[in-house]
Amino acid sequence: MGPKAIDAGRHPNIELLTYSEVEEVSGYVGNFVATIRKKARYVDHTLCNACEECVKVCPVSKPDEYQMGLSSRRAIYIPFPQAVPCSYILNMDDCLGNNPIACGKCADVCEKKAINYDDEDELVVREVGAVIVAIGLDVYDPTEMDEYGYTRHANVITSMEFERLICAGGPTAGHFVRPSDHERPKRIGFIQCVGSRNPKIGRPYCSNICCMNTIKDTLLLADHYPDTENFVFYQDIRAFGKSFEDMFQRSKETGTRYIRGLPGDVEEDPETGNLVVTVENTTQRGGNGRSGLERYELDMLVLSVGVIPPKDLAKISGMLTLSKTSDGFFMESHPKLKPVDAPTRGVFFAGFCESPKDIKDSVCQAGAASSRAGALLNAGQIQIEAITSRIDEIECKKCGLCAKICPYGAITWQKGEVATVIEAACAGCGSCGATCQFGAITMRHFTDDQLLAQVRAILARKPEDKVFVFACNWCSYAGGDMAGISRIKYSASNRVVRTMCSARVSEDMVLEAFRCGAPVVLVSGCHYADCHYINANRQTVVRVQRLWDKLEKAGVRPERLQLEWISAAEGQKFAKVMNQMEELRKTVTIKEIEHGREALKPKPKKAAKKKEAAATAG
Amino acid sequence: MVSQPPIEELRIGVFVCDCGLNIAGAVDCGAVTEYAETLPDVACAVRNKYTCADPGQNEIKDAIHKHRLNRVVVASCTPRQHEPTFRQCVREADLNPYLMEMANIREHCSWVHPNDREAATDKAMDLVASAVARARFLQPQEELTVPVSKRALVIGGGVAGIEAAIELADAGHKVTLVEKEASIGGIMAQLDKTYPTMDCSI
Ligand SMILES: Cc1cc2nc3c(=O)[nH]c(=O)nc-3n(C[C@H](O)[C@H](O)[C@H](O)COP(=O)(O)OP(=O)(O)OC[C@H]3O[C@@H](n4cnc5c(N)ncnc54)[C@H](O)[C@@H]3O)c2cc1C
Ligand code: SF4
């Protein structure tokens, strides 16, 4: 990868901002505006020639993150020799002080005068047409799985630490030794699926790369130290890719023993630092027909740790209104047909953050994402779906409520003025349309007339048998699609009407469903923090709560109106909710339905309505 | 917002898709088509084997001309998959794409109610009635055209981000590559050799 990184660093078309984070992204497809914080490095990388004089004088010693804490670094350091950009960085949290009296040694010796203790963060703004999200993975920390003794036994290490210990550029210059006594281990065990395929710790998925990584490790050991004995404890070996089976067979030929079964716990011999594992080998049957319990004494144990979604996933997700699957990785637009598109138009995924995958698959996906993004950039111009909001100047009563609740700030309004929509900034969620009390807002293609007509049509025949559902396009409706794609069966009583956002559903639409005889009405949207329209579904909550009060006052059981959050990945949940709604429907009597029809009839009292609107606006 | 009674005479065409047996296996598509004919302003109702395939799309286009249709309802799969397909289809027959509406009788119906033909058919009828009712109020819409900024943002400088940035840059696009750490490289920078070829990671 080194050459690729160098290419990226010097490509005339690439602006490389390292030690930087995207703080905010606004705008929409083709017209995103990103605010990026370039954190202070305190070393000017255009001046630094990596001479290393500073490192020699820095008195600070801290665990080196690159070496997984197996060696130390200074407060001023280069992350690793092949770093791009090849420049030092000063970690101000570790530095003794930017006050020359406290230290200041590095600046004294820097001939290039590249060190600047007063360096400050800088904010840069970039207008971009497309965004590729490639924030990768985090490695599972096995501390919580105490049975393997990672924090208690010195010679239990993770597969990530293994990488550093076997690497010529690592803390031991590639001499593979065990941490307790720096002796070379002869009998090495690997435990697979640590932090993967384990619903008990909330990580049910396969991490994809760890079986092959262990096979690779056994081959490396056999190559460097032919006298080591390797033992791999596994549930299944997943060696499904091109030339993977071949590697697996080669590993077995080196004498590596594969034992099917995961150890229950790991004990340490306090004298020798050796580790004793007991495992039920499920491929061996004892005389009584039960699996055989086997005991292994090992010099070292490597935990083949799984991979988890990157720490910043939620942050980036919020910025770009993305969603995630139940495993916690990013959710793609379609699992087969749009695998690199995000649900937000103009955003694409590359690499691990979308799902666990190896380098080859990450590179392939990056190619796909860049070709999708490239097509968009090449287009020069694009069409925005005509689902935006329009305000009728005559009907508008200038209350400004719509401008206050618009998640995009796409409506401008000043006291005493008619509100106006900036069409290019409007995403079409429809919260304003459902909020305006004066009927001044038309949501193009999701008008009140259209949605009310759907309510009436669906409930024209045998309404008492039906559960009426409003589902948002991005999450709950998509969750219904997911149930369909996964062929999850559920009760057939529901009838779904799609809106772009649950916030589009007005009070009147819900009441109309009851007036038409719906026993149960469900409003469903994206999970609270995952709203596709930033936070429009807060309006949904406010509205449903207000409706519950109204129903109560009218003597209608408030439970007949339900609110549920269902994500696009939650086909199972969609099915479950539909079954629950059917159970609820069965409890609603014809008498209740008839009462509701009458009690919720609109009372045309204009003055009262106006007063109420003014109150909410204030 | 005030109810705008459609000015012109409404002529709605309904196209009910079998999707092979994907829909027809669980829903009585014949009955749904017959039911669609009885709905207000429906000028014709047609059953197709695969509406999204060329013959199916041609049937829609022909019907638009033959029956002077000014609204189209396609009862097939989720609009999240084929709405662009059918919008384009009606556009090719000189109908504004926003005058097309879909009823999802596959993902939301046949695939999830495979064992109760009667209930699935009844549900499909309601979904078609809903789409037809909505179609009566559809209005032609014009899409806003906006320019595209000529730069891409890549967030994350691991092997995936690096590769994506280089490919875009090689194709002549400007790229801003943002990496949170002091160097790009990601996890690969920390690996020794990598499978399946056992070459150096960095
Ligand atoms: C122990 C181990 C061994 C492995 N061995 C192999 C192997 O032998 N062969 C193989 O094919 N694969 C192997 N893999 C898998 C391989 O590491 C991944 O496929 C690859 O690293 C994925 O690349 P990526 O760019 O998606 O993610 P990463 O490598 O994780 O890169 C993501 C980058 O994004 C940055 N980032 C994160 N958040 C932000 C943010 N908010 N803003 C800006 N930047 C951000 C990170 O700092 C990082 O640089 C192994 C993985 C592990 C854990
Ligand atoms: S790749 Fe192998 S070790 Fe990793 S989670 Fe899957 S089965 Fe377990």
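Shape analysis of chain B based on the Cα gyration tensor places the equivalent ellipsoid semi-axes at 47, 24, 15 Å, largest first.
Helix A:571-586 and the long axis of chain A differ in direction by around 40°, with both axes built from C-alpha atoms. Among residues other than B:E59 with Cβ under 12 Å from its Cβ, the summed charge is +2 (Lys and Arg +1, Asp and Glu -1). Taking the 1.4 Å solvent-accessible surface of chain B as the whole, the part contributed by carbon and sulfur is 50%.
Tell me the relative contact order for segment A:446-618 as a rounded percent, counting alpha carbon contacts under 8 Å between residues six or more apart. The value is 30 percent. Between A:T283 and A:K404, the simple spin-label model (points 7 angstrom out along Cα→Cβ) gives 6.9 nm. About its Cα centre, segment B:4-109 has a charge dipole of approximately 160 debye under the convention of +1 per Lys or Arg Cβ and -1 per Asp or Glu Cβ, with nothing else charged. Computed from Cα atoms, the angle from the helix A:537-553 axis to the main principal axis of chain A rounds to 40 degrees. For a label point 7 angstrom out from the Cα of A:D119 toward its Cβ, which stretches of segment B:163-198 have the backbone nitrogen within less than 11 Å? Backbone N within reach: B:182. In the context of the full set of protein chains, the protein assembly as shown has a per residue accessible area of 42 Å² (1.4 Å probe). With 0.36 nm allotted per residue and the present C-alpha distance subtracted, the A:R184-A:E464 stretch has 93.2 nm of extension available. The ellipsoid equivalent to the alpha-carbon distribution of segment A:156-233 has semi-axes of 25, 13, 12 angstrom, derived from the gyration tensor eigenvalues as √(5λ) and listed largest first. Rounded to the nearest 10 square angstrom, A:M500 shows an accessible area of 10 square angstrom against a 1.4 Å probe.
Charged side chains reduced to their Cβ positions (Lys and Arg at +1, Asp and Glu at -1) give segment A:446-618 a dipole of some 500 debye around its Cα centre. Using a probe radius of 1.4 angstrom, the carbon and sulfur fraction of the accessible surface of segment A:54-144 is 48%.
Length gained on full extension, A:S243 to A:K586, computed as 0.36 nm times the residue gap minus the Cα-Cα distance: 117.8 nm. Of the residues A:H224, A:H153, the one with the largest accessible area comes first in the ranking A:H224, A:H153, computed with a 1.4 Å probe on protein heavy atoms. Counting only Cβ charges, +1 for Lys and Arg and -1 for Asp and Glu, the dipole size of segment A:140-308 around its Cα centre is about 680 debye.
For segment A:140-308, the number of Lys pairs separated by eight or more positions or lying on different chains, with C-alpha atoms closer than 21 Å, is 5. In this calculation the C-beta distance from A:N378 to A:D7 is compared with R0 = 35 Å, giving a FRET efficiency of 0.95.
Taking a Cβ cut-off of under 12 Å around A:E423, the surrounding Lys, Arg, Asp and Glu residues balance to a net charge of -1, with basic ones at +1 and acidic ones at -1. Partner lysines whose Cα lies under 24 Å from the Cα of B:K66, excluding those fewer than 8 positions away in the same chain, are identified as B:K49. Counting only DSSP H runs of at least 4 residues, each contributing -39500 (n - 2.57), and dividing by the residue count of chain A, the helix-based mean residue ellipticity at 222 nm comes to -8500 deg cm²/dmol.
Maximal additional length on extending the A:D236-A:A173 stretch stands at 19.4 nm, based on 0.36 nm per residue less the C-alpha distance.
For the pair B:A31 and B:A53, a Förster radius of 25 Å applied to the C-beta separation gives a FRET efficiency near 0.65, rounded to the nearest 0.05.
Cross-link partners of A:K56 among lysines, defined as those whose alpha carbon lies under 23 angstrom from its own and excluding same-chain residues fewer than eight positions apart: A:K105, A:K112, A:K113. With a cut-off of 13 Å between beta carbons, the residues surrounding B:H108 carry a summed charge of +4, where Lys and Arg count +1 and Asp and Glu -1.
Given a cut-off of 20 Å, name the pairs among A:K311/B:K180; A:K357/A:K573; A:K336/B:K180 whose C-alpha atoms lie farther apart than that in the structure shown. With Cα atoms farther than 20 Å apart: A:K357/A:K573; A:K336/B:K180.
Accessible-area rank, largest first, for A:T344, A:T587: A:T587, A:T344, with all protein chains present and a 1.4 angstrom probe.
Compute the whole-percent fraction of alpha carbon pairs in segment A:140-308 spaced more than 22 Å apart. The answer is 42 percent, as a whole percent.
Computed from Cα atoms, the angle from the helix B:117-135 axis to the main principal axis of chain B rounds to 90 degrees. Taking every C-alpha pair closer than 8 Å and separated by at least 6 residues, the mean separation divided by the residue count of segment A:92-226 gives a relative contact order of 10 percent.
Only lysines eight or more places from A:K404 in sequence, or on another chain, were considered; those with a Cα closer than 16 Å are A:K415.
Beyond 49 Å, what share of the Cα-Cα pairs of the protein assembly as shown is found? Please give it as a whole percent. Tail of P(r) above 49 Å: 32 percent of Cα pairs.
Peptides B:189-197, A:548-556, B:176-184 ranked from most to least packed, by the mean per-residue count of other Cβ atoms within 10 Å: B:176-184, B:189-197, A:548-556.
Each stretch of four or more DSSP H residues adds -39500 (n - 2.57); spread over every residue of chain B, this sum gives -10500 deg cm²/dmol at 222 nm.
Across peptide A:340-351, the average count of Cβ atoms from other chains found within 10 Å of a residue's Cβ is 3. Burial here means at least 30 square angstrom less accessible surface with every protein chain in place than with the chain by itself, probed at 1.4 Å; in segment A:361-381 the buried residues are A:V363, A:A366, A:S370, A:L377, A:G380, A:Q381.
Amide H to amide H distances under 5 Å link A:N198 with A:R203, A:Y205, where only residues 5 or more positions off or on other chains count and H is placed in the peptide plane. Measuring spread by the Cα atoms of segment A:433-546 yields a radius of gyration and Dmax of 14.0, 43 Å. In this calculation the C-beta distance from A:V60 to A:K38 is compared with R0 = 22 Å, giving a FRET efficiency of 0.40.
The values are calculated or read from the model by the stated rules, or taken from the named source; none is laboratory data. Everything numeric here is computed off the predicted structure, so don't read it as measured data. For neighbour counting, all protein chains shown are included, and Cβ atoms are generated from backbone atoms with ideal geometry for every residue, glycine included. Heavy atoms of the whole protein, side chains included, go into the accessibility calculation; ligands, DNA and RNA do not. Shrake-Rupley method; radii C 1.70, N 1.55, O 1.52, S 1.80 Å.
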